[in-house]
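*Asks:* Here you go, one structure.
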Amino acid sequence: MHKEFLMGNAAIARGAIAAGLNVISGYPGTPSTEVLETTAKCNDGSLYVEWSVNEKAALELGAGAAYSGARTMVTMKQVGLNVASDPLMSLAYIGVKGGMVIMVADDPGPISSQTEQDTRKFAEFSKLPCFDPSSVQEAYDMIQKAFEYSEEYHTPVLFRPTTRVCHGYASIEVKDEDECKKNAPEGFVRDPSKWVIFPRLSFAAHGAIEKRNVCLSKVFSESGLNPVTANGGRRGIATHGISYTYTMEAVKALGVSPEIFKVGTPFPFPEEAAVEFLTANGGLEEVLCIEELDPVIERGLIFVCGKYGLKTKIIGKLTGHIPPAGENTCASVKRAVSQFMGVELTAEEKAEDVPPLPVRPPVLCAGCPHRASFFAVKQAMKGKKSVFCGDIGCYTLGNAMPLDMVDTCLCMGAGVNITQGIGRIEPDTNCFAFVGDSTFFASAITGVINAVYNQADMTLVVLDNSTTAMTGHQPHPGTGRTMMGQVVDKVSIEAVLRGIGVKTVETVDPLKLDAAVDCVKRVSAEKGVKAIIFKSPCAVLIKGKAPAVIDSVKCINCKKCINSLGCPGLVIKDGKAAIEASLCTGCGLCSQVCPVNAIGGGENAE
Amino acid sequence: MQNNILICGVGGQGIVLTSKLIAASAMAQDIPVMSAETIGMAQKGGSVFSFLRLGDGLYCPMFPEKTADLLIAFEPAEAVRMLPYLKEGGKVIVNTHPIMPVTAALKGSSYNGSEMLEYLAKKVDDLKTIDGEAACKEVGSPRALNMVMLGQAVKTGVLPFDIDAVEEVMKKTVKPQFVEMNVKALRLEI
């Protein structure tokens with residue numbers, strides 16, 4: 001063992017490698033992305049690592065590897081599990097041979113997600129065992145146990161950290177290389193009675209799963225993963241994940257000593273451990289459940305109280321003692337614990353004379369080609385009845401003022417179909433769908449096929465910046481690079497669209513504004529399904545040109561550049577528009593917007 | 001011993017590396033470390049922070065308001081935003097050069113940081129202001145700000161290691177061609 005300073009996600013990756021990982025697949029999504037990236041960085045050639053085209057593909061690939069005896073991990077964020085839920089539900093019945101951990105990162109807040117869904121509930125729904133780590137060290141240790149349980153019980157298991165564990169750092173104890181397990185997969189052994197799902201097999205498997213989960217509840221109760229800290233009182237706190245650490249800090253700061261039940265395996269719920277906790281010291285009077293997302297432990301304890309006839313009063317989210325939505329914090333948990341334990345907190349005096357603080361909402365980067373694409377469509381459609389359906393990625397930020405070009409956003413790939421639905425009700429509207437290149441491959445292609453087949457009237461706008469920018473620049477099928485370091489043939493978006501039967505597909509550089517506006521006008525005027533590919537690389541990945549320069553003699557101070565583009569590279573200094581040279585990439589868009597040609601440099605400068 | 005340190009600023013100022021170097025310097029002295037920082041969409045021009053905790057008996061990488069021993073602020077308004085985390089008698093180091101948000105430009109606001117610095121001077125007894133722009137010019141690189149701030153942070157005496165310890169881990173972390181510039185920035189006399 002030795003010490004290293006690791007991010008939670010890196011610890012999960014290293015823990016999986018220490019457990020003999022053979023194959024890892026996934027799709028990027030905050031806060032899960034760094035797990036797979038870390039395994040790729042640590043790959044000595046013995047691992048197979050891939051970014052799959054989406055979470056469903058990743059899970060199915062993982063299943064095949066696990067059928068063949070490989071220790072397999074599949075990574076995604078919580079909404080990714082919705083995409084992978086079809087194979088997940090069936091795989092729960094079929095089971096695996098090699099250990100298989102499905103790492104699903106939840107995002108209380110939510111900080112960078114569409115939903116506050118709780119994967120612990122998905123575990124209950126799919127009947128799969130679930131592990132919930134509370135710290136970086138525990139994540140490292142627990143993922144190794146998760147592999148062992150998976151292999152012992154021949155079932156995939158869910159491992160679900162939350163953002164603060166994924167993105168927290170700590171100096172932790174990790175195994176030396178010679179302490180790590182090695183797993184040599186046996187290979188796929190043909191057995192249709194085992195690997196082919198049929199109603200009769202499903203019926204038998206369902207019964208076996210229910211029996212196994214009763215058994216696992218007992219095993220988990222004795223596993224040490226659901227510890228009860230006895231302090232001798234009649235009041236208890238049940239908690240999990242990062243909230244456990246907030247609770248321990250609060251208990252220490254307040255000098256109180258409740259009984260503490262930390263639930264590390266929310267499903268199957270460790271009933272015997274719960275009974276031990278609830279009946280301590282002659283029976284607890286009251287238990288506060290401190291959870292994020294859904295009240296899973298709270299409902300579990302209420303169920304146990306009913307089943308065993310216990311009189312303990314259970315409070316938490318369902319009783320309004322813990323907020324129903326959003327993240328817990330050190331402060332919110334301290335407040336809840338102090339109230340529960342009857343300790344007065346000194347009133348927080350808020351400073352009242354704080355000057356108004358500038359707000360810093362996330363915006364498209366300076367030089368981002370998406371800004372130019374949105375602006376071109378906005379210009380081309382000025383005065384025309386239009387709807388702009390957005391999607392998931394950096395370009396969701398096209399909703400911000402002054403671009404204001406995102407009318408809808410739902411989930412990965414949804415915009416292509418939503419715009420068709422709006423068109424069915426409003427046939428006189430110019431229907432647009434904006435989709436990024438990675439999202440196009442992940443889940444927009446079926447939407448385009450749907451549009452072509454059903455004779456929709458819409459314009460697909462692919463914002464192709466040749467990377468998955470939002471999550472930190474992962475490669476995808478259009479980039480021609482894989483996580484194994486190979487350079488491969490790129491999958492052409494234009495060829496895919498033509499293959500589907502989209503007759504008009506034009507590719508244009510959005511930073512050439514006039515040509516881009518012309519293209520949008522021309523293409524959108526056609527009937528049927530047509531597509532524009534705005535192709536220009538992500539500004540973060542290219543070396544910028546010399547920053548633009550504003551000619552203060554020519555500038556009439558109309559601020560049109562600032563008010564129409566909202567670029568961070570354009571600021572006001574001494575009441576006039578100015579270039580923030582440290583940010584400007586010299587993309588040249590503002591010089592094409594300026595009515596008096598006062599902005600030069602950039603594109604044309606050396 | 002426990003130390004709570006908060007580093008704050010705007011995405012792209014090099015806060016993450018600063019946090020990493022403090023953590024590595026502490027680990028080199030066998031001091032346990034935990035940290036938590038902004039990651040993801042908020043990095044795009046947004047407010048960025050890093051919580052750092054050094055010492056024994058830590059459970060959680062974040063800490064509540066009024067418990068930071070040291071606030072290292074790379075931008076004046078961000079210092080004011082995070083000031084509630086400073087404990088009574090805590091120390092603040094702030095870069096005086098403001099970064100104007102896009103929304104301020106759109107609304108025609110003339111934010112220039114001076115109001116923030118006046119507020120800090122009124123509220124904080126142990127305040128050190130750094131003209132980051134001038135310091136970077138002296139070092140000869142616009143990207144030296146984080147090392148300048150780190151060097152000044154070590155001088156407060158709050159951190160449980162000296163500048164030599166930081167220099168040693170920095171040399172192992174940054175690319176060789178940037179070592180000389182970073183040493184100069186770390187050791188800059190202000």
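*Asks:* Return only the number of the condition from (1) crowded, with 20+ Cβ neighbours inside 10 Å; (2) under 21 Å from A:L397 (Cα atoms); (3) not polar (S, T, N, Q) that A:I493 does not satisfy.
*Replies:* Exception for A:I493: condition (2).
*Asks:* Residue under question is A:V461, and the condition is that it be crowded, with 23+ Cβ neighbours inside 10 Å and out of contact with any Ser or Thr (no Cβ under 6 Å at 6 or more places or on another chain); does it hold? Working first, answer last.
*Replies:* Values: crowded, with 23+ Cβ neighbours inside 10 Å: yes; out of contact with any Ser or Thr (no Cβ under 6 Å at 6 or more places or on another chain): yes.
Answer is yes for this residue.
*Asks:* Next up: Within region A:245-271, track down each residue that is closer than 24 Å to A:L310 by Cα, within 33 Å of the chain's Cα centre (by Cα) and not in a strand (DSSP E or B).
*Replies:* Quick first cut of region A:245-271, residues closer than 24 Å to A:L310 by Cα only: A:257-271.
Still in the running and within 33 Å of the chain's Cα centre (by Cα): A:260-271.
If the condition is that a residue be closer than 24 Å to A:L310 by Cα, within 33 Å of the chain's Cα centre (by Cα) and not in a strand (DSSP E or B), then A:V263, A:G264, A:T265, A:P266, A:P268, A:F269, A:P270, A:E271 are the ones that fit.
*Asks:* I've got another one for you. Taking the condition of being assigned to a loop (DSSP other than H, G, I, E, B) and more than 11 Å from chain B (Cβ to nearest Cβ), how many residues in region A:113-122 meet it?
*Replies:* Keep residues of region A:113-122 that are assigned to a loop (DSSP other than H, G, I, E, B), which gives A:113-118.
From the residues that got through so far, the ones that are more than 11 Å from chain B (Cβ to nearest Cβ) too are A:114-118.
Qualifying residue count, region A:113-122: 5.
*Asks:* Now a separate question. Which condition number in (1) within 11 Å of chain A (Cβ to nearest Cβ); (2) in a strand (DSSP E or B); (3) within 13 Å of the chain's Cα centre (by Cα) is the one that B:A36 fails?
*Replies:* All conditions pass for B:A36, except number (3).
*Asks:* Oh, and also: Identify, by number, the condition in (1) surrounded by 13 or more Cβ atoms within 10 Å (Cβ to Cβ); (2) out of contact with any Lys or Arg (no Cβ under 6 Å at 6 or more places or on another chain) that A:L357 doesn't meet.
*Replies:* Just one mismatch for A:L357, condition (2).
*Asks:* Continuing with the same structure: Can you tell me which residue among B:K20, B:K66 is in contact (Cβ under 8 Å) with a residue 12 or more places away in the chain, assigned to a loop (DSSP other than H, G, I, E, B) and surrounded by fewer than 23 Cβ atoms within 10 Å (Cβ to Cβ)?
*Replies:* Numbers: B:K20 fails: assigned to a loop (DSSP other than H, G, I, E, B).
When all the criteria are applied, what remains is B:K66.
*Asks:* Is it fair to say A:I197 is in contact with a Ser or Thr (Cβ under 8 Å, 6 or more places away or on another chain), surrounded by fewer than 20 Cβ atoms within 10 Å (Cβ to Cβ) and β-branched (V, I, T)? Reasoning before the result, please.
*Replies:* Details: in contact with a Ser or Thr (Cβ under 8 Å, 6 or more places away or on another chain): yes; surrounded by fewer than 20 Cβ atoms within 10 Å (Cβ to Cβ): yes; β-branched (V, I, T): yes.
In short, yes.
*Asks:* Another question, if that's okay. Being in contact (Cβ under 8 Å) with a residue 12 or more places away in the chain and farther than 19 Å from A:C368 by Cβ is the filter here, so list the residues in region A:561-573 that pass it. Break it down stepwise before answering.
*Replies:* Step one: list which residues in region A:561-573 are in contact (Cβ under 8 Å) with a residue 12 or more places away in the chain, which gives A:561-570, A:572.
Once the filter is applied, which keeps residues that are in contact (Cβ under 8 Å) with a residue 12 or more places away in the chain and farther than 19 Å from A:C368 by Cβ, region A:561-573 yields only A:I572.
*Asks:* Select from region A:485-524 the residues that are touching a Leu at 6+ places or on another chain (Cβ under 9 Å) and assigned to a helix (DSSP H, G or I) and write down the one among them that is nearest to A:V452 (Cα to Cα).
*Replies:* Start the filter on region A:485-524 by keeping residues that are touching a Leu at 6+ places or on another chain (Cβ under 9 Å), which leaves A:497, A:502, A:505, A:510-511, A:513.
Restricting the remaining residues to those that are assigned to a helix (DSSP H, G or I) gives A:497, A:513.
Numbers: A:L497: 10, A:L513: 29 Å.
Per the stated criteria, the residue is A:L497.
*Asks:* Restricting to region B:69-108, what's the tally of residues that are more than 7 Å from chain A (Cβ to nearest Cβ) and either small (G, A, S) or assigned to a strand (DSSP E or B) (or both)? Let's see the steps before the verdict.
*Replies:* Narrowing region B:69-108 to residues more than 7 Å from chain A (Cβ to nearest Cβ): B:69-76, B:78-79, B:82-99, B:107.
When the remaining residues are screened for being either small (G, A, S) or assigned to a strand (DSSP E or B) (or both), the result is B:69-73, B:79, B:86-95.
The qualifying residues number 16.
*Asks:* Continuing with this model, one more query. Of the numbered conditions (1) of a type outside the set (S, T, N, Q); (2) assigned by TED's automatic domain parsing to the domain that holds A:G398; (3) more than 37 Å from the chain's Cα centre (by Cα), A:K559 satisfies every one except a single condition; which is it?
*Replies:* A:K559 satisfies every listed condition except (2).
*Asks:* If you go through region A:103-131 one residue at a time, how many are more than 21 Å from A:A205 (Cα to Cα) and over 17 Å from the mean Cα position of the chain (by Cα)? Don't jump to the end; show me each part of the working.
*Replies:* Taking region A:103-131 and keeping what is more than 21 Å from A:A205 (Cα to Cα), we get A:103-120, A:131.
Add one more test, that the residue is over 17 Å from the mean Cα position of the chain (by Cα), and what stays is A:131.
Residues that pass the stated criteria total 1.
*Asks:* Further question on the same structure: Given the criterion surrounded by 21 or more Cβ atoms within 10 Å (Cβ to Cβ) and at negative phi, identify the matching residue among A:V333, A:V343. Explain how you work it out, then say what you get.
*Replies:* Numbers: A:V343 fails: surrounded by 21 or more Cβ atoms within 10 Å (Cβ to Cβ).
The match here is A:V333.
*Asks:* Something else now. If I filter region A:328-365 down to residues being more than 8 Å from chain B (Cβ to nearest Cβ) and touching a Ser or Thr at 6+ places or on another chain (Cβ under 8 Å), which single residue comes out as farthest from B:F63 (Cα to Cα)?
*Replies:* Selected residue: A:E344.
*Asks:* Return the residues of region A:378-425 that are more than 28 Å from the chain's Cα centre (by Cα) and not in a helix (DSSP H, G or I); say none if nothing qualifies.
*Replies:* Matches in region A:378-425: A:M381, A:K382, A:G383, A:K384, A:K385, A:S386.
*Asks:* Against the condition farther than 28 Å from A:P568 by Cβ and hydrophobic (A, V, I, L, M, F, W, C), how does B:L54 come out, does it pass?
*Replies:* Working: farther than 28 Å from A:P568 by Cβ: yes; hydrophobic (A, V, I, L, M, F, W, C): yes.
Against the criterion (farther than 28 Å from A:P568 by Cβ and hydrophobic (A, V, I, L, M, F, W, C)), B:L54 qualifies.
*Asks:* Let me ask you something else. May I ask you to verify whether A:I315 is hydrophobic (A, V, I, L, M, F, W, C), touching a His at 6+ places or on another chain (Cβ under 9 Å), more than 14 Å from chain B (Cβ to nearest Cβ) and under 25 Å from B:P64 (Cα atoms)?
*Replies:* Working: hydrophobic (A, V, I, L, M, F, W, C): yes; touching a His at 6+ places or on another chain (Cβ under 9 Å): yes; more than 14 Å from chain B (Cβ to nearest Cβ): yes; under 25 Å from B:P64 (Cα atoms): yes.
In short, yes.
*Asks:* For region B:2-17, indicate whether the set of residues that are touching a Phe, Trp or Tyr at 6+ places or on another chain (Cβ under 6 Å), free of Cβ contacts under 8 Å to residues at least 60 places away in the same chain and within 9 Å of another protein chain (Cβ to nearest Cβ) is non-empty.
*Replies:* no
*Asks:* Would you mind stating whether A:C567 is of a type outside the set (D, E, K, R), assigned by TED's automatic domain parsing to the domain that holds A:I579, more than 28 Å from A:H476 (Cα to Cα) and not in a helix (DSSP H, G or I)?
*Replies:* Working: of a type outside the set (D, E, K, R): yes; assigned by TED's automatic domain parsing to the domain that holds A:I579: yes; more than 28 Å from A:H476 (Cα to Cα): no; not in a helix (DSSP H, G or I): yes.
In short, no.
*Asks:* Does any residue in region A:14-43 that is within 14 Å of chain B (Cβ to nearest Cβ) and hydroxyl-bearing (S, T, Y) come within less than 9 Å, Cβ to Cβ, of a residue that is surrounded by fewer than 23 Cβ atoms within 10 Å (Cβ to Cβ) and assigned to a helix (DSSP H, G or I) six or more places away or on a different chain, and which pairs are these?
*Replies:* That search, which allows pairs on different chains as well, returns A:T30/B:M41.
*Asks:* If you go through region A:366-380 one residue at a time, do you hit one that is within 14 Å of chain B (Cβ to nearest Cβ), touching a Pro at 6+ places or on another chain (Cβ under 7 Å) and under 30 Å from A:D464 (Cα atoms)? First the steps, then the outcome.
*Replies:* Kept after step one, since they are within 14 Å of chain B (Cβ to nearest Cβ), are these residues of region A:366-380: A:366-368, A:370-371.
Pick out the ones that are also touching a Pro at 6+ places or on another chain (Cβ under 7 Å) and you get A:366.
Then keep just the ones that are under 30 Å from A:D464 (Cα atoms); that gives A:366.
The answer is yes; a qualifying residue exists.
*Asks:* Hey, among the residues in region B:109-123 that are facing chain A (nearest Cβ under 7 Å) and in contact (Cβ under 8 Å) with a residue 12 or more places away in the chain, which one's surrounded by the most Cβ atoms within 10 Å (Cβ to Cβ)?
*Replies:* B:M116
*Asks:* Another question about this same structure. State whether the residues of region A:502-519 include one that is of a type in the set (K, R) and over 23 Å from A:V53 (Cα atoms).
*Replies:* Of all residues in region A:502-519, those of a type in the set (K, R) come to A:503, A:512.
Within this subset, residues satisfying the condition of being over 23 Å from A:V53 (Cα atoms) are A:503, A:512.
Looking for residues that are of a type in the set (K, R) and over 23 Å from A:V53 (Cα atoms), one finds at least one in region A:502-519, hence yes.
*Asks:* Checking A:N183 against (1) out of contact with any strand residue (DSSP E or B) (no Cβ under 6 Å at 6 or more places or on another chain); (2) in a helix (DSSP H, G or I); (3) away from chain B (no Cβ under 14 Å): exactly one of these is not met. Which one?
*Replies:* Unmet condition: (2).
*Asks:* May I ask you to list the residues in region B:133-145 that are surrounded by fewer than 24 Cβ atoms within 10 Å (Cβ to Cβ) and either of a type in the set (S, T, N, Q) or within 14 Å of chain A (Cβ to nearest Cβ) (or both)?
*Replies:* First, the residues of region B:133-145 that are surrounded by fewer than 24 Cβ atoms within 10 Å (Cβ to Cβ): B:133-143.
Passing the criteria: B:E133, B:C136, B:K137, B:S141, B:P142, B:R143.
*Asks:* A further question follows. Show the residue pairs that are 6+ apart or on different chains and have beta-carbon atoms under 7 Å apart, the first residue being within region A:524-541 and free of Cβ contacts under 8 Å to residues at least 60 places away in the same chain, the second being surrounded by fewer than 18 Cβ atoms within 10 Å (Cβ to Cβ) and polar (S, T, N, Q).
*Replies:* Every condition considered, the pairs that remain are A:E526/A:T504.
*Asks:* Taking the condition more than 21 Å from B:K66 (Cα to Cα) and out of contact with any Leu (no Cβ under 6 Å at 6 or more places or on another chain), does B:P176 pass? Walk me through how you get there before you give the answer.
*Replies:* Working: more than 21 Å from B:K66 (Cα to Cα): yes; out of contact with any Leu (no Cβ under 6 Å at 6 or more places or on another chain): yes.
Considered against the rule, which asks whether it is more than 21 Å from B:K66 (Cα to Cα) and out of contact with any Leu (no Cβ under 6 Å at 6 or more places or on another chain), B:P176 comes out as yes.
*Asks:* When you scan region A:595-603, do you find a residue that is crowded, with 21+ Cβ neighbours inside 10 Å, modelled with pLDDT under 95, farther than 20 Å from A:V363 by Cα and touching a Lys or Arg at 6+ places or on another chain (Cβ under 7 Å), even just one?
*Replies:* Residues of region A:595-603 that are crowded, with 21+ Cβ neighbours inside 10 Å, as a first pass: A:599, A:602.
From the residues that got through so far, the ones that are modelled with pLDDT under 95 too are A:602.
Okay, now just the ones that are also farther than 20 Å from A:V363 by Cα, so A:602.
Cutting the leftovers down to touching a Lys or Arg at 6+ places or on another chain (Cβ under 7 Å) gives us A:602.
Yes.
The values are calculated or read from the model by the stated rules, or taken from the named source; none is laboratory data. What you are looking at is a predicted structure, and each value in this text was computed from that prediction instead of being measured. Neighbour counts run over all protein chains shown; Cβ positions are idealised from the backbone, glycine included.
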